[in-house]
């Protein structure tokens with residue numbers, strides 16, 4: 001006998017989904033029968049063996065639950081959902097510790113192919129020519145230009161022989177956090193969910209890792225489940241781990257931002273990335289919006305892997321800087337009136353540089369050669385030769401000198417090694433011509449201003 005036609009199958013799937021929705025929360029054989037039939041009708045969807053495994057686990061049918069979870073892991077891997085596959089494998093081992101070998105069988109090939117197809121400009125381990133340890137060394141150092149005139153602070157351009165990191169931020173990372181304001185923007189979720197997640201940082205962190213590094217990430221990451229409204233990361237706590245969202249969403253409560261402007265992060269994104277550089281505490285509360293499943297990766301694990309594996313540092317560094325820059329462009333009022341594409345274009349104009357401790361980025365009485373925004377580390381601001389304040393990430397300076405063509409009123413010197421975004425004079429002139437609204441906001445700021453992240 002011939003099987004059901006596609007139209008008949010789609011109708012049957014709708015009916016079964018409605019029945020399952022009505023039976024929500026029930027742990028009985030009827031739900032098991034419905035999920036089993038849905039899995040038969042949609043064999044390429046991992047949701048049905050995943051949900052059926054959860055149901056059978058609650059019904060204490062452990063052996064059957066394990067078989068469902070195994071099928072879900074395989075389907076997630078085949079579809080490129082590597083983080084979900086890892087999370088599912090960890091659940092399976094929780095249910096049956098004797099099946100720990102499945103953690104060593106996680107195959108990243110489909111996810112890696114997907115990432116490289118969707119983001120061909122992304123960093124790949126195979127393309128990296130130099131190791132990056134410590135992590136911050138991936139950024140080129142700011143070197144003073146000996147030919148600068150006496151009335152100007154100037155730094156040398158990167159040597160043409162050195163590869164510089166392309167700060168290519170995806171539209172998903174820059175999607176406007178204001179629901180009403182972004183209503184006219186193309187919905188990034190129109191693309192497949194797998195492609196959407198491949199544009200975000202978590203997947204390349206795992207998919208581009210060398211095989212033994214991936215195995216360690218799988219083993220040492222912790223699967224965490226957080227209820228709706230609970231704080232996952234608290235402002236001021238030690239930054240001791242990176243979190244990757246497997247399912248669910250979080251709201252990042254940046255100090256000073258009203259609730260409607262707080263960034264929302266979904267599956268495939270990361271938070272707590274500041275743990276990768278420096279020793280600063282958490283800069284914001286991160287609160288679960290609905291049930292959250294995430295992978296918690298210890299800072300120590302990431303640090304040791306960067307030291308041990310050639311090229312992994314560049315993958316982590318690209319992920320980190322994309323996130324820091326995207327956060328800045330999403331939360332700073334300087335860029336508030338710009339659309340997603342405009343923010344991407346501005347992101348491409350910035351250089352990411354490293355400044356050693358003791359570097360005088362701007363000097364009172366001298367013109368600046370760039371606009372600067374600190375991403376990590378600390379600087380000392382001086383006024384009339386006296387220390388005025390010490391500040392960390394999210395500080396902007398050099399813009400007043402660039403706008404007015406005048407010497408800087410304040411001085412800024414680094415207290416430790418830091419990462420800084422730099423918009424050189426020529427790039428600043430291009431931005432000035434193209435985005436006058438941004439310049440108006442810059443003109444309203446103090447010479448050294450907090451722009452937030």
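Each value in this text was obtained by applying a stated rule to the coordinates, not by laboratory testing. Just so it is clear, the model here is predicted, and its values are computed rather than measured. Methodologically, a virtual Cβ is constructed for each residue, glycine included, from the backbone with ideal geometry; neighbour enumeration extends over all protein chains shown.
Between 0 and 90 degrees, rounded to the nearest ten: what's the tilt of helix 6-22 against the longest Cα principal axis of the chain?
80 degrees
Pop the C-beta distance of residue 96 and residue 389 into the FRET formula with R0 = 51 Å and round what comes out to the nearest 0.05. Write down the numbers at each step before the final one.
Working: r = 57 Å, r/R0 = 1.11.
It comes out at approximately 0.35.
Relative to the compact globular guide of 2.2 N^0.38 Å, what is the alpha carbon radius of gyration of the range 6-107, as a ratio? Before the final figure, lay out the partial values.
Numbers: Rg = 13.9 Å, N = 102, 2.2 N^0.38 = 12.8 Å.
In units of the 2.2 N^0.38 Å rule of thumb, it is 1.09.
Could you give the C-alpha radius of gyration of the chain expressed as a fraction of 2.2 N^0.38 Å, taking N as the number of residues it contains?
Working: Rg = 24.6 Å, N = 453, 2.2 N^0.38 = 22.5 Å.
Rounded to two decimals, the normalised Rg is 1.10.
Just the number, please: percent antiparallel of the DSSP beta bridges in the chain, rounded to the nearest 5. Could the numbers behind the result be given before it?
On the way: 49 of 54 bridges.
About 90 percent, rounded to the nearest 5.
From Cα pairs below 8 angstrom and at least 6 apart in sequence, can you work out the relative contact order of the chain, rounded to a whole percent? Intermediate results must be reported in sequence, preceding the final value.
On the way: 848 pairs, mean separation 67.1, N = 453.
In percent, rounded to a whole number, it is 15.
Only helical DSSP H runs with n ≥ 4 go in: add -39500 (n - 2.57) per run for the chain, normalise by residue count and round the 222 nm mean residue ellipticity to 500 deg cm²/dmol.
Numbers: 15 runs with 168 residues, N = 453.
My calculation for the chain gives -11500 deg cm²/dmol from helical runs alone.
When ranked by the protection proxy of mean other Cβ atoms within 10 Å per residue, highest first, what sequence do the peptides 34-43, 192-201, 292-301 form?
192-201, 292-301, 34-43
Which whole-number percentage describes the relative contact order of the range 347-450, with Cα contacts under 8 Å and a sequence gap of 6 or more? Write out the running numbers ahead of the final one.
On the way: 232 pairs, mean separation 40.2, N = 104.
Contact order relative to length: 39 percent.
Using the basic label-point model (7 angstrom from Cα toward the beta carbon), what is the residue 11 to residue 304 distance in nanometres?
Modelled inter-label distance: 5.9 nm.
Considering the convex hull of the alpha carbon atoms of the range 347-450, report its projected area averaged over all viewing directions, in nm², one decimal. Please report the intermediate quantities before stating the final value.
Details: hull surface 23.5 nm².
For the range 347-450, averaging the hull's shadow over all directions gives 5.9 nm².
Just how many % of Cα pairs in the range 228-387 lie over 21 Å apart, if you round to the nearest whole percent? Mind showing how you got there, number by number?
Working: 7089 of 12720 pairs.
Result: 56 percent of Cα pairs exceed 21 Å.
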